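Attaching a single structure in structure tokens format; questions to follow.
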Amino acid sequence: MSSEDKTIILRVVENFFRTGNINDAQVQVKNLPKGTSTYVEQIGEDGRSIMLDEYRVGGRTIRAGYSARSHTVYLSPMYD
């Protein structure tokens, strides 16, 4: 994952934890079910696996992944 991709994910994750909002001006954001670790993104007939990594901010944990192909951040809350 590139540093730019990580920056995008962190911006979305921090905003989500701060506001509870999944909207972002630069990318799409999709909320996945709790505990999801992978997601198969379908674009047309092609499927692509998106791996979600754990991010910890302020003592809270979330799994998140980014698809540069669709410019989408996928979020899966993890509640400790």
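Test Arg60 against the stated conditions and say whether it is at pLDDT below 95, of a type in the set (Lys, Arg) and surrounded by 14 or more Cβ atoms within 10 Å (Cβ to Cβ).
Values: at pLDDT below 95: yes; of a type in the set (Lys, Arg): yes; surrounded by 14 or more Cβ atoms within 10 Å (Cβ to Cβ): yes.
So Arg60 passes the test.
Here is a follow-up. Please verify whether Lys30 is in contact with a strand residue (DSSP E or B) (Cβ under 6 Å, 6 or more places away or on another chain) and either among the basic types (Lys, Arg) or part of a helix (DSSP H, G or I) (or both), treating the condition exactly as stated.
Taking the combined requirement at face value, the residue satisfies it.
If you take the residues in segment 26-56 that are open to solvent by 40 Å² or more (accessible area, probe 1.4 Å) and hydrophobic (A, V, I, L, M, F, W, C), which one is farthest from the chain's Cα centre (by Cα)? Reasoning before the result, please.
Keep residues of segment 26-56 that are open to solvent by 40 Å² or more (accessible area, probe 1.4 Å), which gives 26, 28, 30-31, 33-34, 37-40, 42-49, 51, 53-54, 56.
From the residues that got through so far, the ones that are hydrophobic (A, V, I, L, M, F, W, C) too are 40, 43, 51.
Numbers: Val40: 13, Ile43: 17, Met51: 9 Å.
It comes out as Ile43.
Same structure, new question: Search segment 60-80 for residues that are under 11 Å from Pro33 (Cα atoms) and small (Gly, Ala, Ser) and pair each with any residue that is part of a strand (DSSP E or B) and at pLDDT 95 or above when their beta-carbon atoms are under 6 Å apart and the residues are at least 6 apart or on different chains.
Sorted first by the residue in segment 60-80, then by its partner, the pairs are Ser76/Arg63.
The values are calculated or read from the model by the stated rules, or taken from the named source; none is laboratory data. A quick note: this is a predicted structure, and the numbers were derived from the prediction, not measured. Neighbour counts run over all protein chains shown; Cβ positions are idealised from the backbone, glycine included. Surface accessibility is based on the protein's heavy atoms, side chains included, excluding ligands, DNA and RNA. Shrake-Rupley method; radii C 1.70, N 1.55, O 1.52, S 1.80 Å.
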